[in-house]
Amino acid sequence: MPAFLLVLLSLSTQNIFADPTPMANTMPFVGITTDQPVCYGREYSPAHLKAKPKQTVKKIQAKLEIIPEYNQNVLNLEVTLRGEKNQYTNYRSIFSCFLDDGGKYRCGIDCDGGSVKISMSSKNELVISVENGFILSGGCGSEEKDVFLQAVLGGDDKFVMTKLPAQFCAKSDWIDKIDNN
């Protein structure tokens with residue numbers, strides 16, 4: 001068989017017209033190092049909040065971190081709720097995350113503080129699907145007043161966030177405190 005036919009046959013079995021853009025990362029914790037977490041965030045516009053009156057979250061930021069000593073993936077969420085009384089209050093929740101049998105990441109808060117599922121969109125955005133709500137403040141014997149974010153369909157049930165620049169995403173100092181104890 002002539003050489004040029006072998007080349008054509010070889011090319012015909014390959015998709016030479018494939019999109020050279022790499023596929024989006026579908027696993028949220030891939031590429032995260034112990035020294036550099038990855039952060040995502042979104043601040044909702046007044047128009048968005050007006051169109052979704054059931055949504056109470058005004059701003060949300062997520063930090064994905066790894067604690068190698070405990071073989072633990074961590075989701076650190078910071079949430080600002082809408083409303084005058086919440087204007088200057090940022091709530092923080094820390095979740096432990098694991099890969100379930102279906103290949104999806106589930107993240108939960110100890111003492112039945114709630115849970116979420118996390119995934120990546122085709123645009124490399126972090127998607128947080130709130131399952132049964134989660135604690136924002138208080139819980140687990142805390143003396144603080146309990147503030148719980150309910151999973152309300154068409155409201156606080158799903159959040160899609162874009163990646164933030166690395167300079168806005170430093171390693172949490174509480175991880176170093178755990179490491180040094």
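The values are calculated or read from the model by the stated rules, or taken from the named source; none is laboratory data. These numbers come from a predicted model, not from an experiment. Using ideal geometry, Cβ is built from the backbone for each residue, glycine included, and neighbour counts are taken over all protein chains shown. Side chains included, ligands, DNA and RNA excluded: accessible areas come from the protein's heavy atoms. Shrake-Rupley method; radii C 1.70, N 1.55, O 1.52, S 1.80 Å.
So here's what we get for this one:
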{"read-out": "Probe 1.4 Å, accessible area per residue of segment 31-95, Å²", "value": "57"}
{"read-out": "Long-range tail of P(r) for segment 40-181 (Cα pairs > 19 Å, %)", "value": "54"}
{"read-out": "Simple Cβ-charge dipole of segment 53-126, Lys/Arg +1 and Asp/Glu -1, about Cα centre, in debye nearest 20", "value": "500"}
{"read-out": "Estimated FRET transfer efficiency when R0 is 35 angstrom, pair residue 32-residue 84 (beta carbons, to 0.05)", "value": "0.45"}
{"read-out": "Qualifying GluC sites (Glu not before Pro) for segment 95-166 [loop in DSSP, other Cβ within 10 Å: at most 14]", "value": "143, 144"}
{"read-out": "148, 168, 29, ranked by accessible area, largest first (probe 1.4 Å)", "value": "168, 148, 29"}
{"read-out": "Segment 82-144, Rg to Rh (Cα coordinates; Rh as Kirkwood inverse mean 1/r)", "value": "1.05"}
{"read-out": "Value of relative contact order over segment 19-138, rounded to a whole percent, pairs C-alpha under 8 Å and six or more apart", "value": "21"}
{"read-out": "Interchain or long-range residues, amide H under 5 Å from residue 38's placed H", "value": "64"}
{"read-out": "Interchain or long-range residues, amide H under 5 Å from residue 157's placed H", "value": "152"}
{"read-out": "Sulfur and carbon atoms: percent of accessible area, segment 39-132 [1.4 Å]", "value": "46"}
{"read-out": "Whole-Hz couplings from phi, Karplus 6.51/-1.76/1.60, listed for segment 156-162; x for Gly and Pro", "value": "9, 9, 8, 10, 10, 10, 8"}
